[in-house]
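Each remark here refers to the structure printed beneath this line.
The values are calculated or read from the model by the stated rules, or taken from the named source; none is laboratory data. These figures come from a predicted structure and were not determined experimentally. Backbone-built Cβ (ideal geometry, glycine too); neighbour counts: all protein chains shown.
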Amino acid sequence: MFGAAWILFSDYVAERLASSDEALRVIQTYKGLAYVALTGALLYAVVLVLTRALARTHDRLRDHSAHLTRINRAHAILRSVTDVLLRDPDDTLLLESAARAVVDQGGFPLVWIALYDHDQRRLTRVATAGAEGLARGSGAPVHLTTADRSIITHALYRGQMQHALGDRDPLVARLAPAGRGLAAVGAFPLRGGGDTRGVLVIHSAEAELFTDEEEVLLLSRVADTLGLGLDFSHNRQTLDRLNYHDPITGVGNRNLVENRLAAALNHAAQRDTAVAMLVLDIDDFRAINDSAGREAGDAVLRLVSRILDGVMRPGDTIARLGNDEFGLVFHELPDANHASRLVGRVADRFPERAEVGGHELDLSVSIGVAVYPDDAQDAAELLSRAELALHSQPPGQRSAITYYAPEFDRRASEQRALESALRKADLDREFRLAWQPVVDPTAGRVCAAEALARWHSPELGEIGPARFIPLAEQSGRIRALGQWVLEHACRQAHAWNQAGHRIDIAVNIALDQLQDADFVDTVQQLLAPYADDEWTLLLELTESQFMADPKPVNDACRRLRALGCRIHLDDFGTGYSALNYLVHLPLDGLKLDRTFVQQIESDRGVHAITEAVVALAEKLGLEVTAEGIETEQQLVIVRQLGACNIQGFLFGRPMGADAVLGLAAQAPERVLAN
Ligand code: C2E
Ligand code: CA
Ligand code: CA
């Protein structure tokens, strides 16, 4: 534009300015020069303005790119800290990994994390990452006072990030005395669950780091994420304690065993090793609990868990599964045979003589064992099979060890079928009573008959009492069944009485029945209509029933005797059979168990004991019945020992009521000759 204007107007302007032709010529000469000079100046000014603008843009771009790098870096930090959070379960690991992630991703020279204990006002550096040797000091806790002013106290109390240049902050210097040459340091609060749990401290080589608002925001989010992580891990630990620990003994619980067992099996599958699952049960724990009290029971549980703990190798698991049952997981066994060695080691610790709550007792345990991979393929199955092995032990055994065998499963499923059939059994239709006569050999007459329950299940056929009685006891059905037996037995005795025969009836009573507060009253009502009859109701109880719940059982027996019932101790010779029971229990008689009677011929010791028992019983005025007499020889020996009533196949198997009547009607010689 300048050039065009010059071309169009310069001649015209020169002509108007020039006063003469001479002057016009001079002007024309200098006009070209002036043109060159003016354009030059103009161009210079334009270039100058443009380069200045360019330089400014370049600076802005450079700043922006640095900002972007920092933001990217902060995002990367956030990402890896989140990863850490998802990966590392426990606090220390979490914080150490997080500090390392911030250093690695952010390229910071030094990063550390301190946790704050609000009650003690103590700050402890727990995790540090960065160039080797940069942070010195022991990491010992630092006690904060109200006088402390620091970027850290600001972060802790105000919950806001603050930074300082260099490393002049006094608290920072005390907690992590760092080397020189660090340009800035920032403290970010770790907020979680309403409280500030600590600080994330970042040392930077660039002074401007903490002035970038967006970056500070992102780093604050890293700190917040960590705070949440701490909170989460704290909650998880509380939950873990509740979920995986047994409050009474402090060892694990069933959840823990299930968890650890699953992990152990995984491991074993990969390495071709074995895992042994042991389930232990304290023998007679119920009796300990009942006689010595709940607290003593708890003390026993703690003692047993301590003893078992002594057998554990690192990485093995011990837990209380429930009641008095403990579970032990032995992992990484070279092979299945190795299990028996460990089982032996556990068994060797028992019986242990212990004093609990002022009571001396022999603490023993029974053990069920199942081994991976032989017995089960998964954790739940292995545990349940170890339990099945334990529960397949005959009741009343002490210090028993049982290894799982496949037939236990079959038995268990039969048991379940039996249980369900028993639960819905119609007593009147499916049950009946068989009677086994008891003979007085001196008089040669049937003096009593024992009522023995018989069950014919429409689905399962004939089932013996040795199977259904324990089941009925477990399921609680025994009360109804026992009541049914009593009613029918009394009715039968009355019928025999009507027919002119005085035959006492012996009825087996279960513990559950005796523990029923109404039992004595029920018996009284039951007997009331037969007040004019001559027979007596004999109640047969075992030693274990007296032991299980001594006070109420003894009381019930005394009241029953007051009603005219007689109490006989059944199965004498099978349990502990302490002779002083005979003196102290409210008894009218005892029944020598058939296993005892069967040894009389062959075992002189048994013979001598029997002789002593019969003599003692006689002195105490107790009636003795020898049960299970099968041979003449046994009869002869038993009769030589003293005055005994006799019951056994020799005189009759359990039979129908009419058959008993038939026998009762026979002449004495015939009865004895049977
Ligand atoms: P128990 O009270 O010891 O009854 C005696 C058992 O020994 C009966 O078995 C009887 O048949 C058997 N027995 C009698 N004499 C001989 C003999 O000479 N040789 C042999 N080998 N055995 C003989 P059963 O009827 O199978 O009864 C088994 C157990 O079931 C009884 O043992 C008793 O504990 C229980 N039981 C039976 N009926 C009842 C009941 O109504 N209530 C309760 N609570 N338990 C019952
Ligand atoms: Ca009996
Ligand atoms: Ca018996």
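Mind checking which pairs have a first residue in the stretch 28-42 that is within 18 Å of D11 (Cα to Cα) and a second that is hydroxyl-bearing (S, T, Y), Cβ under 7 Å, 6 or more apart or different chains?
K31/S10
Inside the stretch 197-214, can you point out the residues that are in contact (Cβ under 8 Å) with a residue 60 or more places away in the chain and crowded, with 20+ Cβ neighbours inside 10 Å?
Answer for the stretch 197-214, where residues must be in contact (Cβ under 8 Å) with a residue 60 or more places away in the chain and crowded, with 20+ Cβ neighbours inside 10 Å: R197, G198, V199, L200, V201, I202, H203, S204, L209.
Residues in the stretch 623-661 that are away from ligand 3 (no atom under 16 Å from the Cβ) and in contact (Cβ under 8 Å) with a residue 60 or more places away in the chain: how many?
9
Determine, yes or no, whether Y403 is among the aromatic types (F, W, Y), under 30 Å from S305 (Cβ atoms) and within 22 Å of the chain's Cα centre (by Cα).
The answer is no for Y403.
If you scan the stretch 618-630, which residues turn out to be within 9 Å of ligand 1 (Cβ to nearest atom) and loosely packed, with under 15 Cβ neighbours inside 10 Å?
Once the filter is applied, which keeps residues that are within 9 Å of ligand 1 (Cβ to nearest atom) and loosely packed, with under 15 Cβ neighbours inside 10 Å, the stretch 618-630 yields only E630.
Residues of the stretch 505-538 being in a strand (DSSP E or B) and closer than 22 Å to S475 by Cα, which ones?
Once the filter is applied, which keeps residues that are in a strand (DSSP E or B) and closer than 22 Å to S475 by Cα, the stretch 505-538 yields V507, N508.
So which residues in the stretch 583-595 are under 27 Å from Q633 (Cβ atoms) and either more than 14 Å from ligand 2 (Cβ to nearest atom) or β-branched (V, I, T) (or both), if there are any at all?
The one that is under 27 Å from Q633 (Cβ atoms) and either more than 14 Å from ligand 2 (Cβ to nearest atom) or β-branched (V, I, T) (or both): T595.
Given the conditions (1) at pLDDT below 95; (2) crowded, with 21+ Cβ neighbours inside 10 Å; (3) not small (G, A, S), and given that C490 satisfies all but one, which numbered condition is not satisfied?
(1)
Determine which member of the set L94, L110 is touching an Asp or Glu at 6+ places or on another chain (Cβ under 7 Å) and buried (at least 20 other Cβ atoms within 10 Å of the Cβ).
Going through L94, L110 in turn, just one is touching an Asp or Glu at 6+ places or on another chain (Cβ under 7 Å) and buried (at least 20 other Cβ atoms within 10 Å of the Cβ): L94.
What do you reckon, is A664 surrounded by 19 or more Cβ atoms within 10 Å (Cβ to Cβ) and either within 15 Å of ligand 3 (Cβ to nearest atom) or basic (K, R) (or both)?
It is false that A664 is surrounded by 19 or more Cβ atoms within 10 Å (Cβ to Cβ) and either within 15 Å of ligand 3 (Cβ to nearest atom) or basic (K, R) (or both).
When the residues of the stretch 539-584 are filtered to those that are among the hydroxyl-bearing types (S, T, Y) and outside any strand (DSSP E or B), which remaining residue is nearest to ligand 1 (Cβ to nearest atom)?
The residue in question is T574.
Among the listed residues V257, V279, identify the single one that is in a helix (DSSP H, G or I) and either of a type in the set (V, I, T) or surrounded by fewer than 17 Cβ atoms within 10 Å (Cβ to Cβ) (or both).
On inspection, the qualifying residue turns out to be V257.
Out of the stretch 284-338, which residues are among the basic types (K, R) and assigned to a loop (DSSP other than H, G, I, E, B)?
R313
Just checking, does the stretch 314-328 include any residue being more than 17 Å from the chain's Cα centre (by Cα) and more than 17 Å from E381 (Cα to Cα)?
Yes, the stretch 314-328 contains a residue that is more than 17 Å from the chain's Cα centre (by Cα) and more than 17 Å from E381 (Cα to Cα).
Of all residues in the stretch 463-478, how many are closer than 13 Å to A425 by Cα, without any contact (Cβ under 8 Å) to a residue 40 or more places away in the chain and more than 16 Å from ligand 2 (Cβ to nearest atom)?
Residues flagged as closer than 13 Å to A425 by Cα, without any contact (Cβ under 8 Å) to a residue 40 or more places away in the chain and more than 16 Å from ligand 2 (Cβ to nearest atom) within the stretch 463-478 amount to 0.
When you go through H154, H234 one by one, which is the residue that is under 38 Å from the mean Cα position of the chain (by Cα) and surrounded by 14 or more Cβ atoms within 10 Å (Cβ to Cβ)?
On inspection, the qualifying residue turns out to be H234.
Within the stretch 588-609, work out how many residues are within 28 Å of A451 (Cβ to Cβ) and more than 16 Å from ligand 1 (Cβ to nearest atom).
1
The rows are residues; the columns are (1) surrounded by fewer than 16 Cβ atoms within 10 Å (Cβ to Cβ); (2) within 21 Å of Q397 (Cα to Cα); (3) free of Cβ contacts under 8 Å to residues at least 40 places away in the same chain.
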| site | (1), (2), (3) |
| --- | --- |
| A274 | no, no, no |
| D298 | yes, no, no |
| L321 | no, yes, no |
| H331 | no, no, no |
| D335 | yes, no, no |
| V346 | no, yes, no |
| F350 | no, yes, no |
| G357 | no, no, no |
| I367 | no, yes, no |
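Restricting attention to the stretch 637-652, report how many residues are farther than 17 Å from D504 by Cα and either surrounded by 14 or more Cβ atoms within 10 Å (Cβ to Cβ) or within 15 Å of ligand 1 (Cβ to nearest atom) (or both).
Number of matching residues: 7.
Filter the stretch 536-552 for residues that are of a type outside the set (D, E) and either crowded, with 21+ Cβ neighbours inside 10 Å or within 14 Å of ligand 2 (Cβ to nearest atom) (or both) and give the result.
Scanning the stretch 536-552 gives L537, L538, L539, L541, T542, S544, Q545, F546.
Could you please find all residues in the stretch 339-352 being in a loop (DSSP other than H, G, I, E, B) and charged (D, E, K, R)?
R349
Name the single residue that is nearest to the chain's Cα centre (by Cα) among those in the stretch 444-473 being among the aliphatic types (A, V, I, L, M) and within 18 Å of I505 (Cα to Cα).
Only one residue fits best here, namely A453.
Under the condition of being out of contact with any Gly (no Cβ under 6 Å at 6 or more places or on another chain) and basic (K, R), which residue from the stretch 581-626 is farthest from P550 (Cα to Cα)?
The selected residue is R604.
Are any residues in the stretch 594-616 crowded, with 19+ Cβ neighbours inside 10 Å and more than 50 Å from the chain's Cα centre (by Cα), and if so, which ones?
Once the filter is applied, which keeps residues that are crowded, with 19+ Cβ neighbours inside 10 Å and more than 50 Å from the chain's Cα centre (by Cα), the stretch 594-616 yields only V614.
Residue by residue, here is whether (1) within 25 Å of V614 (Cβ to Cβ); (2) charged (D, E, K, R); (3) modelled with pLDDT under 95; (4) within 15 Å of ligand 3 (Cβ to nearest atom) holds:
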{"site": "D532", "(1), (2), (3), (4)": "no, yes, no, no"}
{"site": "M547", "(1), (2), (3), (4)": "yes, no, yes, no"}
{"site": "R561", "(1), (2), (3), (4)": "yes, yes, no, no"}
{"site": "I567", "(1), (2), (3), (4)": "yes, no, no, yes"}
{"site": "L582", "(1), (2), (3), (4)": "yes, no, yes, no"}
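Looking at this structure, is D555 more than 16 Å from ligand 2 (Cβ to nearest atom) and either under 30 Å from R502 (Cβ atoms) or without any contact (Cβ under 8 Å) to a residue 24 or more places away in the chain (or both)?
Here the answer is yes, as D555 does meet what is asked.
When you go through (1) surrounded by 19 or more Cβ atoms within 10 Å (Cβ to Cβ); (2) in a helix (DSSP H, G or I) one by one for V49, which number turns out not to apply?
Result: V49 passes all but (1).
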